[in-house]
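Scroll down for the structure; my scribbles are underneath it.
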Amino acid sequence: MGSKIVGLGMHAPHKKRSNYDLEKIVDTTDGWIVERTGIKNRRVSEPGAANSDMALVASQKALADAGVRAEELDIILVGTASPDMVLPSTACFLQAKLGASNAWAMDVVAACSGFLYSLSVADSQIRAGRAKKALVVGSEILSALLDYTDRSTCILFGDGAGAAVVAECDNNEGLLACHLQSDGNLWDLIHIPGPGTINPLTPDLISNRMMYLRMAGNETFKHAVTKMCDVCHKVVAEAGYSFDDLALFVPHQANERIISAIGKRLGITGDRVFINLDQYGNTSAASIPLALAEAKIQGRFRSGDLVLLVAFGSGLTWGAALLRM
Ligand code: ACO
């Protein structure tokens, strides 16, 4: 037995923030952002918005796409770094809003790799016979965690949600191979210092802007390219395919230059690479399901096609999954 994505949904806040809007806030230009990242717009939530409300809309669309009722779900996993509250999990808020009364729910904190980590947990539970249907979500309101005085980070990220319903299937369908990895020694490349036990909530934490995301962009870039290429090779080889067999490559939407560097190294270029970061920016854990759901809407893959997903983020965490759709 294996597991397969049987429904997809996406949702993003209505409000757009363009590069031109950012020019009015920080010392940057549309030209710099487009040339260095490929991003033109990102979506932003209203202050105080609940992440779980955005996740709810994406989840309802995924359930409708799958023809599955919320009560049929055994598990709800939400990959997020921007939860509704510190406790309880955003997944529990989502469960209540969906009325998924038969599911257990938890958040998976793996930054931009959160969706793939969650997908792997759902797959393992289904293969072990402990669940039949799971809802796997990536949902982020990163706009709440950005320092709008730091031009090197605030231009990169956006808000959005993507959801997938995962169900039992035959062994040669669905998730064919998956490889996850972490390197906690490199935690300081991308982090939010507090509030936490090391940096509790104090006036100093706030005045030093330690509640916002910090990233060493240039060094992160190099790790992102080599680590994502490495893990893509692992899953494609493990499943016994080559990159020529892929119908679509859906990479984490962090930076167009990272995506094109990986595509060139793997020999996957042109229409076989899905990119929507120009309109959403980097939505962290939501990036892959948001892209996969949009690729489905655009008819970029068909039933039976091979699709490769790859993620990379804070932790460091990274991973890849090869799916037969
Ligand atoms: N506008 C104008 N200039 C800027 C901006 C900006 N928004 N941001 C930085 N610059 C300047 C810098 O100050 C620097 O100026 P200097 O040369 O005078 O010092 C110059 O541009 C070059 O800066 P770099 O940081 O070297 O620029 P780089 O080409 O590396 O691009 C970027 C920066 C876009 C952040 C890139 O490094 C990147 O995409 N990194 C990887 C991000 C990633 O993959 N993150 C992982 C997931 S995120 C997560 O887990 C939550």
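The values are calculated or read from the model by the stated rules, or taken from the named source; none is laboratory data. Remember, predicted model here, so these are calculated numbers, not experimental data. As a convention, Cβ positions derive from the backbone with ideal geometry for all residues, glycine included, and neighbour counts pool all protein chains shown. The accessibility values were calculated without ligands, DNA or RNA, using every heavy atom of the protein model including side chains. Shrake-Rupley method; radii C 1.70, N 1.55, O 1.52, S 1.80 Å.
Surface composition of the range 1-54: carbon and sulfur make up 50 percent of the accessible area, probe 1.4 Å.
Label-to-label distance, T226 versus R302, with points set 7 angstrom from Cα along the beta-carbon direction: 4.1 nm.
In the full protein context, the chain carries 42 Å² of accessible surface per residue, based on a 1.4 Å probe and ignoring ligands, DNA and RNA. Only lysine pairs 8 or more places apart or on separate chains count here, and in the chain those with Cα atoms under 15 Å apart total 11. Counted residue by residue at 0.36 nm each, then reduced by the alpha carbon distance between them, the extension gain from E219 to V86 reaches 44.9 nm. Solvent-accessible area of the range 129-268 (1.4 angstrom probe, protein heavy atoms only): carbon and sulfur portion equals 51 percent. Separation of the range 29-45 from the range 122-161 is 20 Å, based on Cα centroids. What FRET efficiency comes out for the pair D183/D244, r = Cβ-Cβ distance, R0 = 25 Å, nearest 0.05? Approximately 0.25, to the nearest 0.05.
Evaluated at q = 0.11, 0.12, 0.14 Å⁻¹, the base-10 log of the normalised Debye intensity for the chain, with identical point scatterers placed on the Cα atoms, takes the values -0.63, -0.76, -1.05.
Taking all Cα-Cα distances within the range 61-152, those exceeding 17 Å account for 52%. The trypsin sites (Lys or Arg not before Pro) of the range 152-240 meeting both criteria, a DSSP state outside H, G, I, E and B (loop) and at most 15 other C-beta atoms within 10 angstrom of the site's C-beta, are R209. Here the gap between Q60 and Y148, fully extended at 0.36 nm per residue and compared with their Cα-Cα distance, gives a gain of 28.4 nm. Evaluated over the Cα positions of the range 1-137, the convex hull gives a direction-averaged projected area, one quarter of its surface, of 9.6 nm².
For N102 and T202, the FRET efficiency from 1/(1 + (r/R0)^6), where r spans their Cβ atoms and R0 equals 51 Å, is about 0.75. Here each label is just a point 7 Å from Cα along the line to Cβ, and for K16 and T29 those points are 2.2 nm apart.
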